[in-house]
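Peer 1: Here it is, the structure, as structure tokens.
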Amino acid sequence: MAYIGTPQTLTVPRQGSNGAPPALPEAAVTGADPLLLSDAIGPARAGVLDTTLHRSSEALAGRRIIDVNSTLNGGGVAEMLHRLQRYSRGAGLDARWFTLRGDPAFFALTKQLHHFLHGADASGPPLDRAGAEHYAAVCEANARALLRAVRPGDVVTLHDPQTAGLVAHLRRAGARVIWRCHVGTDDPNPYTDRAWAFLRPWLETADAYVFSRERYIPGWLAGRRVAVIQPSIDPLSAKNRPLASSVAAAILSRVGLRAPVDGDGPALYRRGDGFVGRIRRAPTCLCSASPPPADAPLILQVSRWDPLKDMVGVLASFAEAGGSLDGAHLALVGPDVTGVTDDPEGGRVYAECEALWHRLPDRVRTRAHLACLPMADAEENAVIVNALQRSASVVTQKSLAEGFGLTVTEAMWKGSPVVASAVGGIRDQIMHGVNGILLDDPSDGLSFAAHASGLVGDRHRAGALGVGARHRVRENFLDDRQLLQRTSLYRSVARV
Ligand code: UDP
């Protein structure tokens, strides 16, 4: 689920100068009081969260609660871990978050596993003996580095296929190990079988397993401790906190996705540390004839440049829509693809979109915009995404497969009407016609365009869907629910 890396993910750890493996990169996360969530979830829910987390931190005293994934920035897992770590630390848990390192061959192989777990074909490296040996070597090196921070009894959650090879090493060292898989498909097929054939031997000894949907749980886990925990968002994060429409407009103008108008203010926002931030960086790539007029309806998809997100398909559908979307503009927005280390496909998918953009007829090309957002400052990136999701007339997620789809949750929380594919975890979020629109066939570009244009043309209906969407997220997909589920699982595997 998270494959955009920071430069430190490029190298496999080697011996340090004193013979010990160097420690893994650790995220510096500041704790936050769970009661801060009171405004968003109400004092009763916040109180339950606060009490439960504090009790759990007493029960788990002396144990580290560790998350391990492959990147600090980009993608849904990193997005969630920042927040979950914050509130866990704020409640007194000794929560730590490490990212593993790998080389391009390792990440090409784990991306292949990611596609296979989604039931999708991919043109990555074969899952053969040489691949398995390289995977084993990288995981072993990472495990040795991680073990510098892990003690017997600690509870370690390993995220996604990149980390499966660490399970046995950590178990042998006395840690309790949870393996969490953020991807999957409702309909297992020969590709999922191949992924599980590769991963299963690494996973056998884990204490517990977590999936985002019940249907993602493979049959071979029958009789084991398996939990279903859906992802969630933090209403107070830079990505999701309220943003005045004038500020959102100024931010969009700053990044070239809205034409400036007289009276626009500066692109300033309040940072998490209380200081005022300014949007300083422009998109690292921007493919746009000129910015959308300030009053033009904007259709938006924000996602990684991953083939399964179908950015190319969204652009093609917009082009094929003909007159029905004539007044609207389309923005396809994703993270910077330069310097990407653990998503080997990002550059290629962006290049495909760009090539299609150049081939579009003028009347469509002038209304289509591609942008890669800078990742150097995670908070700046998040505020830009926030401004986009709030300002869009319609947010789309036309994925061909989706583990959960936090971009859908984020847009729904902002009350934006969403048109998204009826795949994976998106089906758990959107109730068709009540709080969004589900596309039965994600490859049906005409139906996609018809739904999008229907909402652009009917602001009353779009508004009603947005109200339903925000309610749905408030009740089901905010971080308090996930924090309670996670700590309950920690206590169960630690037997305290
Ligand atoms: N995202 C972002 N900047 C971007 C593109 C995506 O912050 O330029 C975030 C997006 O807002 C969401 C996450 O990356 O929080 C993507 O999570 P999702 O579950 O939708 O998909 P994944 O990438 O994990 O498959």
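Peer 1: Using a Förster distance of 35 angstrom, determine the FRET efficiency expected from the C-beta separation of Asp128 and Arg171, and round it to 0.05.
Peer 2: Given R0 = 35 Å and the Cβ-Cβ separation, E is 0.85.
Peer 1: Which three extents, in angstrom, do the Cα atoms of segment 137-221 have along their principal axes, listed largest first?
Peer 2: 40, 24, 17
Peer 1: Calculate I(q)/I(0) for segment 236-370 by the Debye formula, one identical point scatterer on each C-alpha and no solvent, and give its log10 at q = 0.13, 0.16 Å⁻¹ to two decimals.
Peer 2: Evaluating at q = 0.13, 0.16 Å⁻¹ gives log10 I(q)/I(0) of -0.62, -0.91.
Peer 1: Averaging over all projection directions, find the projected area of the Cα convex hull of segment 37-152 and quote it in nm² with one decimal place.
Peer 2: Computed as one quarter of the Cα hull surface, the answer is 9.7 nm².
Peer 1: What distance in nm lies between label points placed 7 Å from Cα along the C-beta direction at Glu475 and Ala28?
Peer 2: 4.2
Peer 1: Now for a separate question. Heavy atoms of the protein only, probe of 1.4 Å, neighbouring chains included. What is the accessible area of Trp196 in Å², nearest 10?
Peer 2: 30
Peer 1: What is the list of residues in segment 240-277 whose amide nitrogen lies under 17 Å from a point 7 angstrom out from the Cα of Arg459, following Cα to Cβ?
Peer 2: In segment 240-277, the label zone of Arg459 (backbone N under 17 Å from the point 7 Å along Cα→Cβ) covers 245-246, 249.
Peer 1: Continuing with this model, one more query. For the chain, compute Rg over Rh where Rg is the Cα radius of gyration and Rh is the Kirkwood radius from the inverse mean 1/r over Cα pairs.
Peer 2: Answer for the chain: 0.96.
Peer 1: Please list, in order along segment 344-350, the HN-Hα scalar couplings obtained from phi with the Karplus expression 6.51 cos²θ - 1.76 cosθ + 1.60 (θ = phi - 60°), rounded to whole Hz, x for Gly and Pro.
Peer 2: Values, residue by residue: x, 9, x, x, 5, 5, 4 Hz.
Peer 1: Please compute the Cα-Cα pair-distance distribution of segment 239-319 with 10 Å bins starting at 0, giving whole percents from short to long.
Peer 2: In whole percents, the pair-distance histogram is 15, 41, 33, 11, 0.
Peer 1: Using only the alpha-carbon atoms, how far is helix 479-494 inclined from the longest principal axis of the chain? Give it as 0 to 90 degrees, nearest 10.
Peer 2: That helix lies at roughly 20 degrees to the long axis.
Peer 1: Here's a follow-up. Can you compute the radius of gyration and Dmax for segment 389-496, using only the Cα atoms, both in Å?
Peer 2: Both quantities, over Cα of segment 389-496: 15.6, 56 Å.
Peer 1: Give the dimensionless ratio obtained when the Cα radius of gyration of segment 103-155 is divided by 2.2 N^0.38 Å.
Peer 2: 1.40
Peer 1: What span do the alpha-carbon atoms of segment 197-289 cover on each of the three principal axes, reported in whole Å from largest to smallest?
Peer 2: In descending order, the Cα extents are 64, 34, 21 Å.
Peer 1: Round to a whole angstrom and tell me the spacing of the C-alpha centers of segment 92-166 and segment 419-496.
Peer 2: 29
Peer 1: If I fit a long axis through the Cα atoms of helix 76-90 and take the longest principal axis of the Cα atoms of the chain, what angle between them do I get, 0 to 90°, rounded to 10?
Peer 2: Helix 76-90 and the main axis of the chain meet at about 60 degrees.
Peer 1: With a 1.4 Å probe and all protein chains in place, put Asp480, Asp295, Asp441 in order of accessible area, largest first.
Peer 2: In descending accessible area the options line up as Asp295, Asp441, Asp480.
Peer 1: I would also like to ask the following. Taking only Cα atoms, what is the 0 to 90° angle, nearest 10, from helix 104-117's long axis to the longest principal axis of the chain?
Peer 2: Helix 104-117 sits roughly 80 degrees off the main axis of the chain.
Peer 1: Could you state the accessible area per residue of segment 251-398 in Å², with a 1.4 Å probe and every protein chain left in place?
Peer 2: Accessible surface, normalised per residue, equals 37 Å².
Peer 1: Skip the ligands, DNA and RNA, and give the accessible area per residue of segment 194-238 with a 1.4 Å probe, whole Å².
Peer 2: Heavy-atom SASA per residue in segment 194-238 reads 40 Å².
Peer 1: Counting only protein heavy atoms and a 1.4 Å probe, tell me what percentage of the chain's accessible area is made up of carbon and sulfur.
Peer 2: Result for the chain: 52 percent of the exposed heavy-atom area is carbon or sulfur.
Peer 1: Have a look at segment 206-248 and give its Rg and Dmax from the Cα atoms, expressed in angstrom.
Peer 2: Gyration radius and largest Cα-Cα distance of segment 206-248: 17.7, 54 Å.
Peer 1: Quick check on segment 325-403: take the gyration tensor over C-alpha atoms, sort the square-rooted eigenvalues as a ≥ b ≥ c, and tell me if it's rounded (a/c under 1.5), prolate or oblate.
Peer 2: oblate
Peer 1: For Lys239, what accessible area in Å² do you get when you roll a 1.4 Å probe over the heavy atoms of the protein chains, rounding to the nearest 10?
Peer 2: Spelled out: Lys239, probe radius 1.4 Å, area about 20 Å².
Peer 1: Looking at the chain, which Cys residues are left with no other cysteine's beta carbon under 4.7 Å from theirs?
Peer 2: Those would be Cys139, Cys181, Cys287, Cys353, since no other cysteine Cβ in the chain comes under 4.7 Å of theirs.
Peer 1: What ranking of Met80, Met375 comes out by heavy-atom accessible area, probe 1.4 Å, highest first?
Peer 2: Putting Met80, Met375 in descending order of accessible area: Met375, Met80.
Peer 1: Next question, about the same structure. Using the per-residue mean of other Cβ atoms lying within 10 Å as a proxy for protection, in what order, highest first, do the peptides 418-431, 451-464 fall?
Peer 2: 418-431, 451-464
Peer 1: As a check on your grasp of the helix formula, calculate [θ] at 222 nm for the chain: sum -39500 (n - 2.57) over DSSP H runs of n ≥ 4, divide by the residue count, round to the nearest 500.
Peer 2: Value at 222 nm, helices only: -12500 deg cm²/dmol.
The values are calculated or read from the model by the stated rules, or taken from the named source; none is laboratory data. If you're wondering where the values come from, they're calculated on a predicted model, not measured in any experiment. Don't worry about glycine lacking a Cβ; one is built from the backbone with ideal geometry, like all the others, and counts go over all protein chains shown. We work out accessible area using only protein heavy atoms, side chains counted, and drop any ligands, DNA or RNA first. Shrake-Rupley method; radii C 1.70, N 1.55, O 1.52, S 1.80 Å.
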